[in-house]
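The values are calculated or read from the model by the stated rules, or taken from the named source; none is laboratory data. Note that the coordinates shown come from a computational prediction; the quantities given were computed from them, not determined experimentally. Here the Cβ is made from the backbone with ideal geometry for all residues, glycine too, and neighbour counts use every protein chain on show.
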Amino acid sequence: MKSVTKKQILGLLEELEEEGVDYIENFCSSPETSVNKAEMLENLFQKNRTCMKCRLGETRKNYVFGEGNPGAQILFIGEAPGRDEDLIGKPFVGRAGKLLNDIIEKGMKIKREDVYICNILKCRPPENRDPLPDEVDMCIETLITQINIIDPKIICALGRHAASALLKKGQKLSDYRGKVHYFRSYPVIVTYHPSALLRNPNLKKPTWEDIKILLSIAQGCPPEETGAW
Ligand code: URA
């Protein structure tokens, strides 16, 4: 199988831009495989949608399971639903979600529906406070099952909380960035949470550096050849 480097990905995206191409197609597994995976994800959702394993079950409006292509090659994992997500029942639909859409669609040239998006926690913490360790412990099994079903080529952890739930705990975001980590057998790239970009637009540039590494691995570049340090 041929692989591409980060530099080639950037060149390709620039060419697509010049040629007015909006999206790269086929960024997910075959429709047949996706149907099976969709069924397994639906079963997992039905099994957990009334979950009361932690206190967040009492205050949530919706159990925000996740959405996207069940056969996606790229899986984005955020922290937890916010107010808009809790009301609508879908991940990343508020202001941070619009920015994530821009990263995926305008930057990566992939349709949002061709990736999969979910969170570490499926229920909104009151006032959007940080997830508590016992809430993460209660929710992580569902996420692991989701990852195993989707079986992505690469995971993108959005922000420190997502990274520390999946990887070695307690590091700063700057310690996680710029390296290819592994969750079980899955390569993981960590980047800024879109909410951080809303607060500080200067973070968009370093985020794009992370996304280029992510894209090159999704396109088959061996992680050790991405130039990540
Ligand atoms: N922030 C997250 O981490 N997840 C969402 O779904 C929305 C905002």
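I need the full set of residues from the stretch 17-45 which are touching a Lys or Arg at 6+ places or on another chain (Cβ under 9 Å) and surrounded by 12 or more Cβ atoms within 10 Å (Cβ to Cβ), in order please. Even if it seems obvious, please write down each step before you answer.
So in the stretch 17-45, the residues touching a Lys or Arg at 6+ places or on another chain (Cβ under 9 Å) come out as 17, 21-25, 27, 29.
Scanning the stretch 17-45 gives GLU17, VAL21, TYR23, ILE24, PHE27, SER29.
Is it the case that the stretch 28-47 has a residue that's in a helix (DSSP H, G or I), aliphatic (A, V, I, L, M) and modelled with pLDDT under 95?
Let us first name the residues in the stretch 28-47 that are in a helix (DSSP H, G or I), namely 31-47.
Remaining after also requiring aliphatic (A, V, I, L, M): 35, 38, 40-41, 44.
Among the residues that remain, those that are also modelled with pLDDT under 95 are: 35.
Yes, the stretch 28-47 contains a residue that is in a helix (DSSP H, G or I), aliphatic (A, V, I, L, M) and modelled with pLDDT under 95.
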Do any helices (runs of 4 or more DSSP H) lying entirely in the stretch 83-161 carry at least 2 residues that are closer than 27 Å to GLY20 by Cα, and which ones are they?
95-101
The stretch 68-87, residues that are near the ligand (Cβ under 10 Å from one of its atoms) and either touching a Lys or Arg at 6+ places or on another chain (Cβ under 9 Å) or on the phi > 0 side of the Ramachandran plot (or both):
GLU79, ALA80, PRO81, GLY82, ARG83, ASP84, GLU85, ASP86
Selection within the stretch 178-226 - more than 21 Å from ILE140 (Cα to Cα) and among the small types (Gly, Ala, Ser):
GLY178, SER195, ALA196, SER216, ALA218, GLY220
Odd one out for LEU100, checked against (1) away from the ligand (no atom under 16 Å from the Cβ); (2) touching a residue at least 60 places away in the same chain (Cβ under 8 Å)
(1)
Answer yes or no: is there a residue in the stretch 220-229 that is in contact with a Phe, Trp or Tyr (Cβ under 9 Å, 6 or more places away or on another chain), over 22 Å from VAL64 (Cα atoms) and free of Cβ contacts under 8 Å to residues at least 24 places away in the same chain.
no
